[in-house]
Amino acid sequence: MYEEIVSGLTSFIGKSPTAFHAVANLGTLLHEQGYQRLNEGEKWEICPGQKYYVTRNDSSIIALNVGKELKDYCFKIAASHSDSPAFKVKENAEIQVKEKYMKLNTEGYGGMLCATWFDRPLSVAGRVIVRDGSKFAARLLCVDRDLLLIPNMAIHMNREVNDGYAYNKQVDMLPLFGGSECAKGDFKKLIAKELGVEEEAVYGMDLYLYNRMQPCVWGANKEYISCPQLDDLECAYTSLQGFLQGADEHAVNVFACFDNEEVGSGTKQGAASTFLYDTLMRVNRSLGKDEEEFYRAAAKGFMLSCDNAHAVHPNHPEKTDEGNCVYMNEGIVVKSHAGQKYTSDAVSIAVFRGICEKAGVPLQFFANRSDMAGGSTLGNIAMSQVSMNSIDIGLPQLAMHSAYETAGVKDGCYMIQAVKEFFDSHIETIEVL
């Protein structure tokens, strides 16, 4: 079973070098399972027992499996994010160096581990807006060949690099594109050729560098998987699989995958946007429910905020809390924080613990060291738009925000089992006695 899930995961990630590709591939998986596509700009006709999905900006997606028995219903949500730290290509990208090199001008997207991007094959992928007569069309682009590389500086020229070095993204991190034969305009020509259009038809580009290294399974007992973008495409893929396999007929079952978590979620397609609220409210109205019923459904609802977690580092175990630390291949991680960076509390932990017990899935608990600042995720941000009980969970991994991350082969299976059980289970509101 592990091999099948790992194969599906790596295939999905391999075809999803950007958030645009990830959402397109999630949409394909949903379409194959009978989900009908909705358009935000059109009238919705939602029916009990039917399945739908909608995208925003081509980089965020929400899927809906509407239960058949909705007299007294709730919302059940599994949410993740589609984006990962990368380098975005600037509009006027080409920079010539002494007429001998052509490099591309880029800027950092999110908080990446810069050193992991050096000396490895890279290419570009993303979304291109093409003009066709009087209309504009969005086209996905993935240049499927080794195209770029960010070269390290030799230690002879930077003797202190192994003692710590502050990388300057405008100086150190620009990728080499070509040599003296390259001329200004060649990059856009390449993009147009890849798309099969005239150069003049290219009107806009959201392009990112992506890592060309292939996924691998490794370890003494083949217990680890390494590949790009495990944060957070591992959760996106496995939570979708659990969503597709389970459903509560007394709920509107929801899968959500938001863009821009790595830069704060404050975009029209991020978790801080109205995308989730708009979608749920429109479903509620299309089902003939009133505003009062919407608020009751939200109050009785529950959300799994799914984003990967930090496993204990074998060389630096001191960086994690002594008791609340987690390991790869030992189960789903529940993340808690006294400062409320995570949504987990006693109520949501109790509910999810019961779900995992029923599913036969092991749980682990993570908290940051009290003297170290940790990260945050999309749970609290999404709940500022639609409030309900929520828990922050994830899968343990090493080297988060590296260009090549590592996780355990077993944990994806645990996530699928737990999310399936979550959607299959009827969750009652907990009352304080």
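A few remarks follow.
- Net charge in the neighbourhood of Ser273 (other residues with Cβ under 11 Å of its Cβ; Lys, Arg +1, Asp, Glu -1) is 0.
- Ranking by accessible area, most exposed first, for Tyr52, Tyr208 with a 1.4 Å probe: Tyr208, Tyr52
- Along the chain, counting only GluC sites (Glu not before Pro) with a DSSP assignment other than H, G, I, E or B and at most 12 other Cβ atoms inside a 10 Å radius, the longest segment between sites is 199-321.
- Cross-link table Lys341/Lys410; Lys188/Lys268; Lys90/Lys188; Lys43/Lys71; Lys135/Lys189, entries beyond 18 Å C-alpha to C-alpha: Lys341/Lys410; Lys188/Lys268; Lys43/Lys71; Lys135/Lys189
- Spin-label pair Leu113/Gln170, simplified geometry with 7 Å Cα→Cβ offset, distance in nm: 2.7
- Residues of the range 105-138 with amide N under 14 Å of the 7 Å Cα→Cβ point at Arg37: 137-138
- log₁₀ of I(q)/I(0) at q = 0.11 Å⁻¹ - the range 161-309, Debye sum with one point per alpha carbon: -0.80
- GNM result for the chain, Cα springs below 10 Å: residue of Lys410, Lys358, Lys420 fluctuating most strongly: Lys358
- Value of [θ]222 nm, deg cm²/dmol, for the chain, DSSP H segments ≥ 4, -39500 (n - 2.57) each, nearest 500: -7500 deg cm²/dmol
- Distance between the range 49-96 and the range 109-156 - C-alpha centres, whole angstrom: 22
- Candidates per trypsin sites (Lys or Arg not before Pro) in the range 51-160, loop by DSSP, up to 10 other Cβ within 10 Å: Lys71, Lys98, Lys100, Arg145, Arg159
- Cα centroid separation - the range 276-298 against the range 176-228, whole Å: 42
- Cα centroid separation - the range 236-258 against the range 1-29, whole Å: 16
- Expressed in units of 2.2 N^0.38 Å, where N is the residue count, the Cα radius of gyration of the chain is 1.02.
- Within the chain, Cys47, Cys74, Cys114, Cys142, Cys182, Cys216, Cys227, Cys257, Cys325, Cys356, Cys413 have no other Cys Cβ under 4.7 Å of their Cβ and so lack a disulfide-compatible partner by this rule.
- Kirkwood radius and radius of gyration were both taken over the C-alpha atoms of the range 292-345, and their ratio Rg/Rh is 1.14.
- Environment charge of His250, counting only residues whose C-beta is closer than 14 Å and scoring Lys/Arg +1, Asp/Glu -1: -1
- Take the Cα radius of gyration of the range 128-242 and divide it by 2.2 N^0.38 Å, N being the number of residues; the result is 1.47.
The values are calculated or read from the model by the stated rules, or taken from the named source; none is laboratory data. As the structure is a prediction and not an experimental result, all values here were calculated from the model. Cβ: placed from backbone, ideal geometry, glycine included. Neighbour counts: every protein chain shown. Remember, those area values only see protein heavy atoms, side chains included, never the ligands or the DNA or RNA. Shrake-Rupley method; radii C 1.70, N 1.55, O 1.52, S 1.80 Å.
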